[in-house]
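Read the structure below first, then the notes.
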Amino acid sequence: MLDELVRKELSEDEIVEISIEELNKYLSLIKKSKAFVDSEIRKEELNLFSELAESLFELRLSKVLEGKNVEGFDKFIFNIINILKQFYVELFTGRYIIYNDKIYCRVLKPLIYNDQKAEEGDIIFLPMKDALPLIIASYLIPCKIDIEEQL
């Protein structure tokens, strides 16, 4: 079944929608096959599944990076990829307020960082490596500079 998904993804220009039902059906088949094969065959089977899953991910990722939209059970995964992509592009186009390795962000949801409470609307200044997971989780949004005004 996984090989069929890879083949279908390869043959389509758009991202193929994979439903949660398809995933559950596939996972059920994997569990059932465990009961019918010896451990050495099972090990090889799992290696093949890993390679196919990696190929499927890379195919879908390449399409996401090209700007295609994902629908299906894994949409949330590729939404994170899009956030990372946007962060990276805006970082290298000078849109963020950064000093050394720290970035200014506006708080979207209350949080505690380094034993300090930050409320919605507060501005905080923290290392990018700490800010990015909070941006992905929608707790922060980076403060931006209007770079067109600077021209």
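The values are calculated or read from the model by the stated rules, or taken from the named source; none is laboratory data. This is a predicted model, so every value here is computed, not measured. All Cβ positions, even for glycine, are placed from backbone atoms using ideal geometry, and neighbour counts span all protein chains on display. Accessible surface areas use protein heavy atoms only, side chains included; no ligands, DNA or RNA. Shrake-Rupley method; radii C 1.70, N 1.55, O 1.52, S 1.80 Å.
Structural descriptor for the chain: relative contact order 20 percent, calculated from alpha carbon pairs under 8 angstrom and at least 6 residues apart.
Apolar share of the accessible surface for the chain: 56 percent from carbon plus sulfur atoms, 1.4 Å probe.
Take every DSSP beta bridge whose two residues both sit in the chain, then give the antiparallel share in percent to the nearest 5. For the chain, the DSSP antiparallel bridge percentage is about 95. For the chain, the average shadow cast by the Cα convex hull is 13.3 nm², which is a quarter of the hull's surface.
Looking at the range 49-83, which GluC sites (Glu not before Pro) are DSSP coil and have at most 16 other C-beta atoms within 10 Å of their C-beta?
Values: sites: Glu51, Glu54, Glu58, Glu66, Glu71; in loops: Glu66, Glu71.
When the GluC sites (Glu not before Pro) of the range 49-83 are filtered for loop state and at most 16 Cβ neighbours within 10 Å, Glu66, Glu71 remain.
In a DSSP loop and with at most 16 other Cβ atoms within 10 Å, the chymotrypsin sites (Phe, Trp or Tyr not before Pro) in the range 50-146 are Phe73.
Counting other Cβ atoms within 10 Å, which GluC sites (Glu not before Pro) in the range 80-124 have at most 12 and lie in a DSSP loop? Don't skip to the answer; put the middle values down first.
Working: sites: Glu90, Glu119, Glu120; in loops: Glu119, Glu120.
Counting only loop positions with at most 12 other Cβ atoms within 10 Å, the GluC sites (Glu not before Pro) in the range 80-124 are Glu119, Glu120.
Per residue, the chain exposes 69 Å² of accessible surface when a 1.4 Å probe is rolled over the protein heavy atoms with every protein chain present.
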